[in-house]
1. Determine, yes or no, whether Val18 is within 16 Å of the ligand (Cβ to nearest atom) and among the β-branched types (Val, Ile, Thr).
2. Please enumerate the residues belonging to region 54-77 that are exposed (fewer than 15 other Cβ atoms within 10 Å of the Cβ), within 16 Å of the ligand (Cβ to nearest atom) and among the hydrophobic types (A, V, I, L, M, F, W, C).
3. Just to be sure before I move on: is Leu35 at pLDDT 85 or above, among the hydrophobic types (A, V, I, L, M, F, W, C) and under 18 Å from Leu92 (Cβ atoms) in the structure I sent?
4. Taking into account only those residues within region 78-92 that are exposed (fewer than 13 other Cβ atoms within 10 Å of the Cβ) and modelled with pLDDT under 95, which is farthest from the ligand (Cβ to nearest atom)?
5. Which one is nearest to Thr105 (Cα to Cα), of the residues in region 11-42 that are surrounded by 14 or more Cβ atoms within 10 Å (Cβ to Cβ) and touching a residue at least 24 places away in the same chain (Cβ under 8 Å)?
6. Could you tell me which of the residues Glu95, Glu108 is at pLDDT 90 or above, of a type in the set (D, E, K, R) and more than 13 Å from the ligand (Cβ to nearest atom)?
Amino acid sequence: MEDEQAWSGSEVCPVTGVPEAGDRRLDGNAAGGVLREVFAVDPTAAVSTCAHCGRPAPLGEHLVYADAPALVVRCPSCMQVVLRCASDAAGLRLEMTGVRLLRMTPAEGAPG
Ligand SMILES: [Zn+2]
């Protein structure tokens, strides 16, 4: 897959800008701590960069359509779908293919 190729070589990480070097691969459990931080912040303050037009905007400024089967969030600049979220008896589902980068400031008291 294209994504695997992008992350397996010695390319620059699109999130940190740091060159990726060598095989330092861990299993998915190693991402648990950081992902818990990601999902613990106030998402409306997060700045989402649109994968369609490249414009960054706080999630709170996006347009939300809550009457669809899933909650649909659209870019305030190009109106394309940036993410969809559903929560029902089947569980919680989040699709973010329209988000190029989601940037959050650390919570107060957070390490780092
Ligand atoms: Zn856009």
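The values are calculated or read from the model by the stated rules, or taken from the named source; none is laboratory data. As the structure is a computational prediction, the values presented were derived from the model and not from experiment. Counting neighbours? That spans all protein chains shown, and the Cβs are built from the backbone with ideal geometry, glycine included.
1. Values: within 16 Å of the ligand (Cβ to nearest atom): no; among the β-branched types (Val, Ile, Thr): yes.
It is false that Val18 is within 16 Å of the ligand (Cβ to nearest atom) and among the β-branched types (Val, Ile, Thr).
2. Leu63, Val64
3. Details: at pLDDT 85 or above: no; among the hydrophobic types (A, V, I, L, M, F, W, C): yes; under 18 Å from Leu92 (Cβ atoms): yes.
Here the answer is no, as Leu35 does not meet what is asked.
4. Ranking the qualifying residues of region 78-92, first place goes to Ala89.
5. Just the residues of region 11-42 that are surrounded by 14 or more Cβ atoms within 10 Å (Cβ to Cβ), to begin with: 20, 37, 41.
Add one more test, that the residue is touching a residue at least 24 places away in the same chain (Cβ under 8 Å), and what stays is 37, 41.
Details: Glu37: 11, Val41: 8 Å.
If we take residues in region 11-42 being surrounded by 14 or more Cβ atoms within 10 Å (Cβ to Cβ) and touching a residue at least 24 places away in the same chain (Cβ under 8 Å), then Val41 is nearest to Thr105 (Cα to Cα).
6. Numbers: Glu108 fails: at pLDDT 90 or above.
Exactly one residue qualifies, and that residue is Glu95.
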